[in-house]
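The block underneath contains the structure these notes are about, expressed in structure tokens.
The values are calculated or read from the model by the stated rules, or taken from the named source; none is laboratory data. Just so we're clear, the structure is a prediction, and the values are computed from it rather than from any experiment. Cβ placement follows ideal geometry from the backbone for every residue including glycine, while neighbour counts extend to all protein chains displayed. The area values use the complete protein model at the heavy-atom level, side chains included, leaving out ligands, DNA and RNA. Shrake-Rupley method; radii C 1.70, N 1.55, O 1.52, S 1.80 Å.
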Amino acid sequence: MESNVQRKICGYVRIQITGSGQERFFNLCSYRQIFPSNVIYRDGTCICEILLKDYWNIKSLVKKTGIKVRLLDKCGLPFFVYRYKKRGALVAGLFLAVVFLYVMSLHIWSIDFQGNTYYSDEVLMSFLESIGIKNGMKSSRILCDDVESAMRIAFDEITWVSVEIDGTLLRVNLKENLNTQTIPEKSTETRDLVSDYDGVVLSIITRTGTPKVKAGDVVTKGQVLVSGVIELHDDAQMVTGNRVVYADADIYVQTEYEMDMRIAQSYEVDQVVHENKGLYISILGRDQTFLLPVSFDYPVRKETDITQLKLFENFYLPVFVGSVDIQYYDTVTCFYEEEEFLNHCQEILNEELANLEKKGVEIMENHVIIQSDDLCAYLRGTLTLKVQAGVSAPVTMPEVAPDQSQ
Amino acid sequence: MGGAKQKEQKNACLSGRRIRLAEALDIPKETVYGLSCVTMIGDREIYIENYMSILEYTDKKLRLRVKGGNLLITGCRICILYFNDTDMQVRGCIDQIQFERR
């Protein structure tokens with residue numbers, strides 16, 4: 001049985017058959033490989049559909065069976081073209097539309113990346129462009145296997161990639177190795193651990209190296225906390241030599257943090273003076289924006305919302321349509337009310353303290369106060385913090401006593 | 001007469017062998033015997049394979065010639081969706097399917 005589309009393209013007629021030899025007519029049709037469809041019996045007659053090319057071959061069967069055939073309807077493309085032959089432009093337009101769609105379907109008009117979190121769409125897109133894959137190219141020129149292997153080689157974090165062409169859409173599915181944590185290699189370098197704060201040592205737990213301070217000691221910035229030099233002693237507790245290591249320890253120091261911050265009572269707000277909306281169209285890379293003719297001497301903020309047109313789910317077209325929203329704005333200076341300003345200062349202070357805590361700092365004492373005058377406020381005072389101290393620095397070798405060297 | 005009887009016996013023997021072979025190989029019986037196969041979808045559609053010819057057709061009755069007899073389909077608003085030399089699809093409100101032995 002021909003599909004409906006095939007029948008419409010080839011053209012078919014609906015006929016009415018009257019007479020006593022209808023069954024014989026159908027059997028003879030079947031014998032001659034003519035297959036009527038949608039046969040309906042109505043008031044002693046049969047109505048059926050028959051392909052146009054078969055219609056010309058049933059004359060002998062009609063004569064043989066003694067039935068009468070009446071043409072009821074003509075359907076399909078040949079009759080449509082014949083009916084509209086005087087409206088050539090319409091038929092030509094339809095034909096051109098079909099040709100246009102066919103030509104469009106041979107190209108890639110959209111590239112979609114799925115499963116990427118580490119590599120952005122822009123990075124992957126620029127890579128594809130560098131290997132010659134871009135929007136508008138013929139889909140037959142894309143060798144999916146080659147693109148897959150090129151991507152695997154170029155991006156270390158991509159563990160699996162699949163490239164497939166679906167209509168006019170090039171779909172790139174990939175999986176990334178998100179577990180990027182690597183075991184740090186044990187350093188063979190020799191380093192001291194020096195203080196990066198001024199303060200008092202609260203606690204010290206040494207893993208490697210020789211501790212130079214103890215809890216309760218006052219330390220200054222740059223002072224060696226743990227030395228990378230370990231003295232080797234013999235049975236008589238005499239120094240026989242040194243071993244140099246990478247000093248490592250957990251040292252917590254109590255330190256003072258001076259806060260001096262100025263907060264202005266005024267703030268700037270962008271007020272929209274005029275809003276202009278327009279239409280954005282881009283066809284085959286050529287874009288055009290249609291806006292109402294308005295001109296202001298204000299700064300402009302432009303927002304464009306673009307959508308790519310598609311005929312079916314994966315049949316994208318090289319046509320982008322969108323709305324353009326242009327806002328002309330003026331920057332106005334406003335002032336906080338007194339109570340509102342105090343709340344604002346308190347919020348900033350809380351934010352600063354939260355930021356310090358996020359860095360792993362423990363706030364032991366808070367002596368920051370808010371002082372305000374007519375135009376601004378100041379966050380002034382001291383914070384007592386418990387911080388983890390110690391940064392690596394080159395090893396300082398101990399000075400050798402002259403008598404020992406001899 | 002004797003020759004015809006022998007031929008009949010030979011055919012029956014061949015048919016028996018063919019049946020045993022088909023059963024051993026698990027081949028569908030309608031393929032081996034050339035019998036018609038009727039598939040019915042509710043009371044709305046019937047798909048008939050291996051029919052021979054249309055004997056009678058009205059909107060209430062469709063009689064088809066099949067191997068070993070006739071297949072009579074009765075109901076109302078019966079229409080033939082399509083047919084070719086072996087298969088046929090019938091739609092309508094089907095009441096009864098009857099096999100008339102010859």
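Below, the figures for the structure above:
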quantity: Sequence-distant lysines (8 or more away, or on other chains) whose Cα lies within less than 22 Å of residue A:358; calculated: A:386
quantity: Förster-model FRET efficiency, 56 Å R0, residue A:295 and residue A:152, C-beta, rounded to 0.05; calculated: 0.60
quantity: Inter-chain Cβ neighbour average for residues B:58-66, partner chain, 10 Å; calculated: 2
quantity: Percent carbon-and-sulfur accessible area, segment A:30-101, ignoring ligands, DNA and RNA, probe 1.4 Å; calculated: 62
quantity: Among A:244, A:233, A:155 - extreme Cα towards positive end, dipole of segment A:153-248, charges at beta-carbon; calculated: A:233
quantity: Counting DSSP beta bridges with both ends in the protein assembly as shown, the antiparallel % (nearest 5); calculated: 95
quantity: HN-Hα J in Hz across segment A:311-321 - Karplus 6.51, -1.76, 1.60, θ = phi - 60°, x for Gly and Pro; calculated: 7, 10, 4, 10, 9, 7, 10, x, 10, 10, 10
quantity: ³J(HN,Hα) computed for each position of segment B:75-89 - Karplus, 6.51 cos²θ - 1.76 cosθ + 1.60, integer Hz, glycine/proline x; calculated: x, 9, 6, 6, 9, 9, 5, 7, 8, 9, 5, 10, 10, 8, 10
quantity: Whole-Å semi-axes of the ellipsoid equivalent to the protein assembly as shown (Cα gyration tensor, √5λ, descending); calculated: 91, 41, 23
quantity: Relative contact order of chain B, defined on C-alpha pairs under 8 angstrom at six or more residues apart (%); calculated: 20
quantity: Sequence-separation-based contact order of segment A:191-251, relative, with Cα cut under 8 Å and 6+ spacing, percent; calculated: 42
quantity: Distance from segment A:254-323 to segment A:75-121 (C-alpha centre basis), Å; calculated: 33
quantity: Percent RCO, i.e. relative contact order, over chain A, from Cα pairs under 8 Å lying at least 6 residues apart; calculated: 13
quantity: Value of [θ]222 nm, deg cm²/dmol, for chain B, DSSP H segments ≥ 4, -39500 (n - 2.57) each, nearest 500; calculated: -9000 deg cm²/dmol
quantity: Pairs of lysine residues in chain B - Cα separation under 27 Å, sequence separation of 8 or more or cross-chain; calculated: 7
quantity: Electrostatic dipole magnitude of segment A:61-153 [Cβ: Lys, Arg +1; Asp, Glu -1; Cα centre; debye, to 20]; calculated: 1660
quantity: Cβ charges +1 (Lys, Arg) and -1 (Asp, Glu), total dipole of chain B, debye; calculated: 540
quantity: Heavy-atom surface of segment A:326-384, accessible at 1.4 Å and reported per residue (Å²); calculated: 65
quantity: Label point 7 Å beyond Cα of residue A:330 along Cβ direction - residues of segment A:294-324 with amide nitrogen under 17 Å; calculated: A:295-301
quantity: Cut-off under 5 Å, modelled amide H: who pairs with residue B:56 long-range; calculated: B:63
quantity: Residue-averaged [θ]222 nm for chain A, counting only DSSP H segments that reach four residues, each worth -39500 (n - 2.57); calculated: -7000 deg cm²/dmol
quantity: Per-residue mean of C-beta atoms belonging to partner chains within 10 Å, peptide B:72-84; calculated: 4
quantity: Net dipole in debye of the protein assembly as shown [+1 Lys, Arg Cβ; -1 Asp, Glu Cβ; about Cα centre; nearest 20]; calculated: 8380
quantity: Angle between chain A longest axis and helix A:22-31 axis [Cα atoms, degrees, rounded to 10]; calculated: 60
quantity: Loss of accessible area when B meets A, both sides summed, Å² nearest 100, probe 1.4 Å; calculated: 1300
quantity: For residue A:11, residues with placed amide H under 5 Å, excluding near neighbours; calculated: A:77
quantity: Sequence-distant residues sharing a close amide H with residue A:217 (under 5 Å, placed H); calculated: A:201
quantity: With Cα atoms, 0 to 90° folded angle of helix A:338-358 axis to chain A main axis; calculated: 80
quantity: Per-residue ³J(HN,Hα) for segment A:381-390, Karplus 6.51 cos²θ - 1.76 cosθ + 1.60, θ = phi - 60°, Hz, x for Gly and Pro; calculated: x, 10, 10, 9, 10, 10, 10, 7, 10, x
quantity: FRET efficiency for residue A:127 and residue A:344, using Cβ-Cβ distance with R0 set to 30 Å, rounded to 0.05; calculated: 0.05
quantity: Bins of 5 Å from zero: percent of alpha-carbon pairs in segment A:149-308; calculated: 1, 6, 8, 7, 6, 7, 6, 6, 7, 9, 8, 8, 8, 6, 3, 2, 1, 1, 0, 0
